[in-house]
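Enquirer: The structure's right below; bear with me while I get my questions together.
Bear in mind these aren't lab numbers, they're just calculated from the coordinates by the rules spelled out. What you see is a predicted model; the values in this text were computed from it and never measured. Virtual Cβ from ideal backbone geometry, glycine too; neighbours counted across all protein chains shown.
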Number of protein chains: 4
Amino acid sequence: MHSRTSAPRATGGRPRSATADAAILAATRAALVEVGWSKLTLGDVATRAGVAKTTLYRRWAGKNELVVDAVAALFDELELPDRGSLAADIEGVVLQFAAILARPEAKSGLMAVVAESIHDDALRDRIRASIVERQKLLVLEGRARAQQRGELPEESDPEAASRTADLIFDVIAGAVVHRALVSAEPVDTDWTRSFTRLLLNGLTASATA
Amino acid sequence: MHSRTSAPRATGGRPRSATADAAILAATRAALVEVGWSKLTLGDVATRAGVAKTTLYRRWAGKNELVVDAVAALFDELELPDRGSLAADIEGVVLQFAAILARPEAKSGLMAVVAESIHDDALRDRIRASIVERQKLLVLEGRARAQQRGELPEESDPEAASRTADLIFDVIAGAVVHRALVSAEPVDTDWTRSFTRLLLNGLTASATA
Amino acid sequence: MHSRTSAPRATGGRPRSATADAAILAATRAALVEVGWSKLTLGDVATRAGVAKTTLYRRWAGKNELVVDAVAALFDELELPDRGSLAADIEGVVLQFAAILARPEAKSGLMAVVAESIHDDALRDRIRASIVERQKLLVLEGRARAQQRGELPEESDPEAASRTADLIFDVIAGAVVHRALVSAEPVDTDWTRSFTRLLLNGLTASATA
Amino acid sequence: MHSRTSAPRATGGRPRSATADAAILAATRAALVEVGWSKLTLGDVATRAGVAKTTLYRRWAGKNELVVDAVAALFDELELPDRGSLAADIEGVVLQFAAILARPEAKSGLMAVVAESIHDDALRDRIRASIVERQKLLVLEGRARAQQRGELPEESDPEAASRTADLIFDVIAGAVVHRALVSAEPVDTDWTRSFTRLLLNGLTASATA
DNA sequence: AAATAACCGAGACGGTACGTCATGTCTTGTA
DNA sequence: TACAAGACATGACGTACCGTCTCGGTTATTT
């Protein structure tokens, strides 16, 4: 599902323990909750998972890669249920996103790996593939659904459409993350409704402008 | 200017070197550029600054506090020049903000200390005091100026006004940071204009709604 | 041979390097010669031995324990060859003892660890077990041999015999150490002959008194 | 009385505090008792003495010199009261010497500075001048007194006399120190009487041989 | 069934950085 | 000029983690 270090599976030999992966990722999340990213050590994760350090290093290249995978799993539950209107869809996905960000393992891990990714291109690609792109798909899916409903016009220029989707994605994800992690204020229904109204008004007014 | 760890001075004894502070903060920024946050070591910063490690620990409690102060200084240059219209003011401040975020010492340091602040309340307060609140003031200043110009109505309910300012701040700061650091795309004039139009349309439409 | 800090081995895991011990002790003696006890650093010893500092601390609790073991090995060569008479035996062992004390690694280390042992009971026991008791055995062996030769009478009271042996040991070891390290004069054959005559005359006269 | 770092007493300016010297030496002895030589720090001594570190360094070159002076003062009380016979004189001085060595500040300090002196010629001279030579004078004084009493013959060869005195000094001081510090057994009247008998028998028998 | 090959736990290994401590020097203000 | 106070550069301390390695042993597949 989420990409690993590699798949050097030869032919013979004892296969890797299937349960070890899950135990390691769970232990990583538990450690993130308790000690945070900077004090998380791979030796401690291995001990928590009941696994040798070598087993861990055989599967992941280092702390960053491990944490990305551990955090990415949290975003698996993100989806876009049809709530009947674009506004309701946005509010729903914002609240889902915020619920994930409220979990301490997500808070600790996500920002840290993003920070690390600034100096590590491979890590940035890994984050993009396993976390960011999946979120962006929701934006595209929501727009398509809104266009089907007639809430949004069909876009003729595909490049402009892409740019707009990127903008909307940065606005939604950025505002929610900033509210949750920097301002450290709750993303509750009140805030979500205000934010959604601001965004939708901006979108429709811009579209007609 | 920005708060330090230690109490200022009791009496007696050799006073702390005034030049050391500046040298250390500059060395910290240089190290952030070259090696990034996670590989930055205080011993290396001390060497770069031509200062003993103890001198550094006498002034800052640790890596996080030091980096906050080093990065905070970058935001000293943020201001809100009057460009004649709310749209121009927003565009101006967004581009200024983006220019700071484009500097590698800001990129490396900012996200990392925000990530650390999740498990460290004192650090969060330090970030808020020396970075976040100063940014938020620009939002308040811009709104006041727009109200003087008649571009925005006076708000009667002060609490609602505060909530709206918070929302706008999270949207602006969040979107710019997300674009610059997560999406890793340039915050150029095109993007800034699109974003500003979206925001202003959302604001005015919401206000009349 | 001489006792170490750690318990030998539980099970599992990579075994401790056998060569590392010898390399560390040799490096310790080399460092004692070059820089003396007070300027000897464990980091330097590790470097000289081509070993990590952690490897050193895994085996010894600190500088004192390490130096005791390093110096104790020097006394392994002390023995009591049969030279035909009590006088010749004493002269032989005194010269052997003095030859060891003349080596700079012994000079530097021995007095220092004895000084440290005054505030460290465990260290005192370690010194006693690995250095002092072995020397005292030579006294007992020499007396037994002299009694076989008829040079000394058999002692009837075992407790008095033990007290006398302790006295002789303190006189021999004390005089040689004081001459070599405090007075800093050579323990040559002249001195050794004079000392042995004094001691033997004292012994035989005392025994008949 | 005991030599200091130097006597750079210029003409003008505030004179050195006379009480500071005594306070520092007393604080040094107190620290020796509590923490031993290796953990004694000059900063701690200064604090105990209610004195600034600079004041301490103005008077002594370092830890070793300070400890020598602090310990040397303990030996000021050593003297050779006339007890009527050589045996009684020796027993008396041995017990006096042992009483000083039983004090923890002497134990901790004396051996340590002797150990240091092996790599520091200036320190050896200082120890010799302020401690060792004074002890050796007692041997010479005791011999002269015994010769006056007719217990020992007058020596014709002055060089041989000097060698014998050195030997006796090393035997007495060495045996007592070894018994007290290495064997860590009490130097009580029983031991002292046995030792004195051994020594005197050896001396008189050797002299007639 | 035996051989092979990759897995597993445990833990020692060479490194690097940590944050603290002591050294001996210096720079203040006060006496 | 001495003094108390305390900041300073230097360098060792003992600890923690890193990522690698070497053990003895354990499953699987492949002969």
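Enquirer: Could you work out [θ]222 nm for chain B from helices alone, using -39500 (n - 2.57) per DSSP H run of at least four and dividing by all its residues? Round to the nearest 500 deg cm²/dmol.
Expert: -21000 deg cm²/dmol
Enquirer: Another question, if that's okay. Dividing the Cα radius of gyration by the Kirkwood radius, what Rg/Rh value follows for segment A:139-209?
Expert: So for segment A:139-209, dividing Rg by the Kirkwood Rh gives 1.01.
Enquirer: Just to confirm the numbers: D:Gly50, label point 7 angstrom along the Cα-Cβ line, distances to the other copies in nm, shortest first?
Expert: 4.3, 5.9, 6.5
Enquirer: Can you give me the distance in nm between label points at C:Ala161 and B:Glu159, each placed 7 Å from the Cα along the Cα-to-Cβ direction?
Expert: 10.0 nm
Enquirer: Calculate how large, on average over all directions, the projected area of the Cα convex hull of the protein assembly as shown is; give the answer in nm² to one decimal.
Expert: One quarter of the hull surface, i.e. the mean projection, equals 52.8 nm².
Enquirer: May I pose another question? Which whole-percent values make up P(r) of chain C when all C-alpha to C-alpha distances are grouped in 5 Å steps starting at zero?
Expert: Over chain C, the share of Cα pairs per 5 Å bin runs 1, 6, 14, 17, 16, 13, 11, 9, 6, 4, 2, 1, 0, 0 percent.
Enquirer: Continuing with this model, one more query. For the residue pair B:Ala122 and B:Ala88, what label-to-label distance in nm results when each label sits 7 Å from Cα along the Cα-to-beta-carbon direction?
Expert: 4.7 nm
Enquirer: Okay, moving on. I need the inter-copy label distances for C:Ala160: point set 7 Å along Cα to C-beta, values in nm with one decimal, smallest first.
Expert: 3.5, 11.3, 12.1
Enquirer: Averaged over all directions, how much area does the convex hull of the C-alpha atoms of segment D:18-70 cover when projected, in nm²?
Expert: Mean orientational projected area (segment D:18-70, Cα hull): 3.0 nm².
Enquirer: For the rotation that brings chain A onto chain D, whose beta-carbon in chain A is nearest the axis, and what is that distance in whole angstrom?
Expert: So the closest residue, with its distance, comes out as A:Lys39, 16.
Enquirer: Taking θ as phi - 60°, what are the ³J(HN,Hα) couplings along segment D:113-121 by the Karplus curve (6.51, -1.76, 1.60), each to the nearest whole Hz, with x for Gly and Pro?
Expert: Karplus values, whole Hz, x for Gly and Pro: 5, 4, 4, 5, 5, 5, 9, 9, 5.
Enquirer: If we hang a label 7 Å off Cα along the beta carbon direction at C:Arg149, how far is it from the matching labels on the other copies, in nm, shortest first?
Expert: Relative to the other copies, C:Arg149 has label-point distances of 3.5, 11.4, 11.4 nm.
Enquirer: Further question on the same structure: At B:Leu140 and A:Glu77, where each label point lies 7 Å from the Cα along Cα→Cβ, what is the point-to-point distance in nanometres?
Expert: So the two model labels end up 3.8 nm from each other.
Enquirer: With 10 angstrom as the radius, rank D:Ser156, C:Ser194, D:Ser117 by how many other C-beta atoms surround their C-beta, starting from the fewest.
Expert: D:Ser156, C:Ser194, D:Ser117
Enquirer: Let me ask something else about it. Could you work out how far the C-alpha centroid of segment D:56-125 sits from that of segment B:118-159, in angstrom?
Expert: 74 Å
Enquirer: In addition: Which entries in the list A:Lys63/B:Lys136; C:Lys107/D:Lys53; A:Lys107/B:Lys63; C:Lys63/C:Lys107; A:Lys63/B:Lys53 go over 24 Å, if you measure between the two C-alpha atoms of each?
Expert: Too far apart for the 24 Å limit: A:Lys63/B:Lys136; C:Lys107/D:Lys53; A:Lys63/B:Lys53.
Enquirer: Cut-off is 10 Å between beta-carbons; in what order do C:Thr41, A:Thr54 appear when sorted fewest neighbours first?
Expert: If I rank by nearby Cβ atoms, fewest first, I get A:Thr54, C:Thr41.
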